[in-house]
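Following this message is one structure expressed as structure tokens.
Please treat every number below as a calculation from the coordinates, not as lab data. Note that the coordinates shown come from a computational prediction; the quantities given were computed from them, not determined experimentally. Positions of Cβ are generated from backbone atoms using ideal geometry, with glycine treated the same way; all protein chains shown enter the neighbour counts.
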Amino acid sequence: MTGPIVAAALSFAQGSHAADPIIFDPDGPGSVYSPITINAFDWLPGNALAVGAVPLSTGLQFNLHYQAELARILTSGGSGAIPIPTGPDPSFEITASAQIPETVNSAINLIGNPDIPDLVVFDTRPGGFFRIYYDNFSSGVNANDATSNPGAGYSDGVLILEGHIVGSNLSGNYTLSDDTATHLLDQFGSNNLGAVNTLRGQGNSQIKVVVSFAHPDWFPTPPKELQINFDSTLSTPFDSINPSVSVAGRAPFYGANNTNGAYAGGAPEDFHFEADSNNSFEVPPCVELQKQVSVDAGLTWFDADTAADAPTVTFPHGALYRLIVRNCGMENLRNVVVNDPALGIADHAVGNLAIGEEKVLTQAEIPALEVQERCNHSGTFINVADVDGQSVDTGATVSDSDPAVLICVGEPAIDIVKEISVDGGLTWFDANSAATAPSVTFPHGALYRLIVRNVGTVDLQNVVINDAVLGIADYAVGNLVVGAEVILTEAELPALNVATRCSGSGTFTNVADVTGQSVETGAAVSDSDPAVMNCIGEPSLELLKQISVDGGLSFFDADTAATAPTVTFPHGALYRLIVRNVGTIDLQNVVVNDPTLGVVNYAVGNLAVGEEKGLTQAEIPALEVQERCNHSGTFTNVADVTGQSADTGATVSDSDPAVLICVGEPAIELIKQISVDGGASFEDADTAVTAPTVTFPHGALYRLIVRNVGTIGLQNVVVNDPTLGIVNYAVGNLAVGEENVLTQAEIPALEVQERCNHSGTFTNVADVTGQSADTGATVSDSDPAVLICIGEPAIDIVKEISVDGGLTWFDANTAATAPSVTFPHGALYRLIVRNVGTVDLQNVVVNDAVLGIANYAVGNLVAGAEVILSEGEIPALNVATRCDNSGTFTNVADVSGQSVGTGASVSDSDPAVLVCVPPDAPGTGTPGYWMNHPEAWPVDQITIGGVMYTREEAIALMFHSTGGDVTYIMFQTLVAAKLNVLVGNESSCIADGVTAADAWMATYGPVGSGVKAGGKNSPWKAGEPLKNQLDAYNNGLLCAPHRN
């Protein structure tokens, strides 16, 4: 059998394949081309070499090597072709290199040489490879078999696509057209191969490549699944390309006869043939599932396909899953369902997925995707989700699955507690610090114990403990299951019992360590715990409080009344404090207090062992007390001192009292008071300045106030007042602060009916004595009471007027008592000044502003004296023209003076009134005059109260009886007054009265209206005063004289 038949391995299949579009960029990262949608590659004729395929027989397996250069790319829909650079000097080239495993299915001899099969059919075995390279010659060589035949440069440059060959039965065939004649193998142009002959034949093949890698620079958006349907036309001899001297790095072996396909015997030979190929791209229906897991409630998601990329958590722990389902093919999908048996998800319907569509399923759509407790023990937890669907076009089933891995581990943890006992194991302390450590006085031993626990969730191994201070090195505890505890005492470790742990003051710490490893992961865990022991000296503190009552000359350690100083109160005291450290350890935070003295937390500071500090009022002013006692008694106050051990802070304290004995001071007080108003008020009149002043004769009322003003009770208290005749009046006993008030009820002599009957200062003194109830010592006091007696100052002035040259004098205080004259007229005045009091007066002066008299000095007037001043003494008292017109003329004289005894001022004043009328005024007439002299009426009619009457009517009414009706009385008087004014008499003094009377008649008249004089609400209460004023005027008693 000969090899030419195997050329069928790359012959074109009779069928054709559907082409799906993909995106391709011919120069990748270069800038000449842009990505374009294509569906096929067209390759230049290339070289194929079936290695070891000659001689050929059924069942023979061999590898077919193929290499070619890309000529052009076909755009989607077949609308055009884009050439790719080729030849001896291109800017870049795209080449293919493949290795295809083949098996001979059948070999049939039809013609010619019976040793050479004429028709061969073969199967493609799975495996092998198909690779496409891009070369811009930066490092590779030009693959150009069109002008030369070296066969190099087909597998260099950048690998841009790779796949594996899919096994297929009856994938190719090859038929010899002549198995006897030979021909030159290289019939493309000139013969570059020399004397190499070949059998003639042709065939085709179809292989399918599943793409496993597509470079994103040349294939920007590759589908998840991409297949290449590679179709080839196979032929010998070469007439479209040079046969290469090397194919896939192997020089073809043509046998001893140097004839391609004609076996010459010996070692298997290669069969070399031309392959003209093209390929289309196929995107099969595809569904993709990605299952992701989150262990932080959806913040972070893991595509945990393996333990290497799985999250690790400590159990117990939950998990949240989500499923991403995507149509990754070029056909719409239907009936898409997902399953996850571990999660209990069965045929969850996703529905239909369009090309490229993606759906994300979370616990919102599938609650089972949220697992509260995914792991509760150590382990690797895997569950797989599956997706299935069908192509809408062909009904073909597609599926995918994706696992989600979760690693759950226990948490290794170990704990050691080191405890110390200083009482032989009765009490144990977890003494991690000095604050929690036991304190002992050195020297002292210690007993320790160690408690080791597995506090994690995974067993531990290789557990050991160390304590360098105690000399414990890698003591093997062994293994500890979860929760196990081991207690190590001196029985297991004698080094835990230390006879002398401390021999001096200080804080002694030693630390125990424990380590172990997780049984699962080998992860190391450790812990340590200290044990602290405080070794200290014995703290002790002493306070000495001393008292001095002589300003610091001598001090007493007065702890009791027996050793206390005695003073009379009120009295001060001076203290001092002596603080000593009498222990064996330094002290800190030493403070003293004395609540009674107000000393609060006075900071002494630190005291070394044996150190002493003295505190006086220089350091603490409160140690000097101005008034320590203010009453009898024993006064004790205690000072305290506290401090802390400098080692442990333990508090020590001491206190010391200081006692002071205070005794009382006897004292008595007497207050003698006087009253001159019958006891309504009392004065403590110790001097004339504070004494009451009265006019003699006058009496006085006294009272005595006796008080115990000492600090001790009094006895045998008596009072005396020789002037009042009081002798040894027994008051009795008086307690401290007690007061006894003595009045005329107790001592009648305290009321004196006539204490003074003349001017003078009257003093009398009362005395009191008593004795101390304690010592009998006598105390006394006295107090005077002063009374000033004086006369009563008083002065009087009478001013009189004469209008007849001094023959007649009027004390004319009002117009009613004043003389009446016709103007012009003069007046003569005199002043009578009298001392009408009981004390002499001084600085007596008179004044009369109208007459121009100013401070006329009368001088002094003894009691009862009188002075008459006339025009001889004061010419201004004679006034030549006192009035020159009609009217009432008043002027007032004043007098003032001072008491000779007290200087108190007294004064008096008196007016003098003069009535002046016109010279021709006829004078006033009474109603009787006007009733009887109708001829004297100046008018024929008159209006009274708004009613007009004729003269005759008015006279008749005036004659009417007035009994029982006061309107007749008012009518008579008012008619007479109006007529007196009408005839020219002075009316200034009566004008208002006439108006008011006329209004009264208008209100209660007319005459004869029957108004009664009596009764509570009679109008006559207002009318009668008006009638009386009119009557006085009509009788010449006011401002107009009476008719002659």
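Calculate one ³J(HN,Hα) per residue across region 349-356 by plugging θ = phi - 60° into the Karplus curve 6.51 cos²θ - 1.76 cosθ + 1.60, and present them in order as whole Hz with x for glycine and proline.
7, 7, x, 9, 10, 6, 4, x
Once you have the Cα-Cα distance between Ala562 and His377, take 0.36 nm times their residue separation minus that, and quote the gain in nm to one decimal. Kindly include the intermediate steps, with their values, before the conclusion.
Details: separation 185, 0.36 × 185 = 66.60 nm, distance 8.51 nm.
Extending this stretch completely gives an extra 58.1 nm.
Explain nothing, just the number: dipole magnitude of region 795-917 about its Cα centre with +1 on each Lys and Arg Cβ and -1 on each Asp and Glu Cβ, in debye rounded to the nearest 20.
Computed about the Cα centre, the dipole is about 100 debye.
Another one. State, to one decimal in nm, how far the label point of Ala735 lies from the label point of Asp89, with both points 7 Å from Cα in the Cβ direction.
The modelled label-to-label distance comes out at 14.4 nm.
Give, as a single signed number, the net charge of other residues whose beta carbon lies under 15 Å from the beta carbon of Asp848, with Lys and Arg counted +1 and Asp and Glu -1. Walk me through the numbers on the way to the answer.
Details: positive: Lys799, Arg830, Arg882; negative: Glu800, Glu871, Glu873, Asp894, Asp908, Asp910.
With Lys, Arg at +1 and Asp, Glu at -1, the neighbours total -3.
Which value in nm describes the separation of the simple spin-label points at Asn432 and Ala816, placed 7 Å from the Cα toward the beta carbon?
With each label point 7 Å from Cα toward Cβ, the separation is 11.8 nm.
Report relative contact order for region 3-282 in percent, whole number only (criteria: Cα-Cα under 8 Å, sequence separation at least 6).
On the way: 897 pairs, mean separation 76.1, N = 280.
Over region 3-282, the number comes to 27 percent.
Give, as ranges by residue number, the residues of region 397-432 whose backbone N falls under 18 Å from the point 7 Å along Cα→Cβ of Thr312.
Residues 405-414 fall inside that zone.
While we're looking at this one, here's another question. Which whole-number percent is the relative contact order of region 414-536 (Cα, under 8 Å, 6+ apart)? Each step should come with its number before you reach the end.
On the way: 330 pairs, mean separation 43.6, N = 123.
About 35 percent, as a whole number.
Using per-residue counts of other Cβ atoms within 10 Å, averaged over each peptide, order 356-367, 96-107, 776-787 from highest down.
Packing proxy ranking, top to bottom: 96-107, 776-787, 356-367.
Take peptides 955-963, 902-910, 516-524 and line them up by average Cβ neighbours within 10 Å, highest first, as a rough protection proxy. Mind showing how you got there, number by number?
On the way: 955-963: 13.7, 902-910: 15.2, 516-524: 16.9.
Answer by packing, highest mean first, reads 516-524, 902-910, 955-963.
Something else: Calculate, in nm to one decimal, what Thr761 and Lys359 gain on full extension: separation in residues at 0.36 nm each, minus their alpha carbon distance.
Details: separation 402, 0.36 × 402 = 144.72 nm, distance 13.00 nm.
Extra length from Thr761 to Lys359 when fully extended: 131.7 nm.
From the square roots a ≥ b ≥ c of the eigenvalues of the alpha-carbon gyration tensor of region 3-282, which class results: rounded (a/c under 1.5), prolate (a/b over b/c), or oblate?
Working: a/c = 2.14, a/b = 1.54, b/c = 1.39.
Verdict is prolate for region 3-282.
Report for the chain the percent antiparallel among DSSP-assigned beta bridges with both residues inside it, nearest 5.
Working: 287 of 307 bridges.
The antiparallel proportion sits near 95 percent.
Once you wrap a convex hull around the alpha carbon atoms of the chain, what is its projected area averaged over all directions, in nm²? Mind showing how you got there, number by number?
Working: hull surface 461.6 nm².
The number I arrive at for the chain is 115.4 nm².
Based on DSSP, what percent of beta bridges with both residues in region 795-917 are antiparallel, to the nearest 5? Please report the intermediate quantities before stating the final value.
Working: 38 of 41 bridges.
If I count the DSSP bridges inside region 795-917, around 95 percent turn out antiparallel.
Using the Cβ atoms and a cut-off under 11 Å, what net charge is assigned to the surroundings of Leu615, where Lys and Arg are +1 and Asp and Glu are -1? Could the numbers behind the result be given before it?
On the way: positive: Lys545, Arg576, Lys613; negative: Asp594, Glu612, Glu619.
After counting each charged neighbour, the total is 0.
Using a Förster distance of 51 Å, how high is the FRET efficiency between Asp415 and Asn339, based on the Cβ-Cβ distance and rounded to 0.05? Spell out each step's value before the answer.
Numbers: r = 46 Å, r/R0 = 0.90.
Once rounded, the FRET efficiency stands at 0.65.
A follow-up question, please. Along the Cα-to-Cβ line of Ser655, 7 Å from the Cα, sits a label point; which residues in region 522-541 have backbone N less than 18 Å from it?
541
Okay, moving on. Let me check against my output: what whole-number percent is the relative contact order of the chain, with C-alpha pairs under 8 Å and at least 6 apart?
Working: 2965 pairs, mean separation 56.7, N = 1044.
Across the chain, relative contact order equals 5 percent.
How much length, in nm to one decimal, is gained on full extension between Val609 and Glu492, taken as 0.36 nm per residue of separation minus their Cα-Cα distance? Intermediate results must be reported in sequence, preceding the final value.
Values: separation 117, 0.36 × 117 = 42.12 nm, distance 4.28 nm.
Taking 0.36 nm per residue and subtracting the Cα distance, the gain is 37.8 nm.
Can you give me the C-alpha center-to-center distance between region 489-515 and region 596-652, rounded to a whole angstrom?
Between the Cα centre of region 489-515 and that of region 596-652, the gap is 43 Å.
Hey, for a label at Ala904 modelled as a point 7 Å past Cα toward Cβ, could you say which residues of region 757-779 have their backbone N under 19 Å away?
757-762
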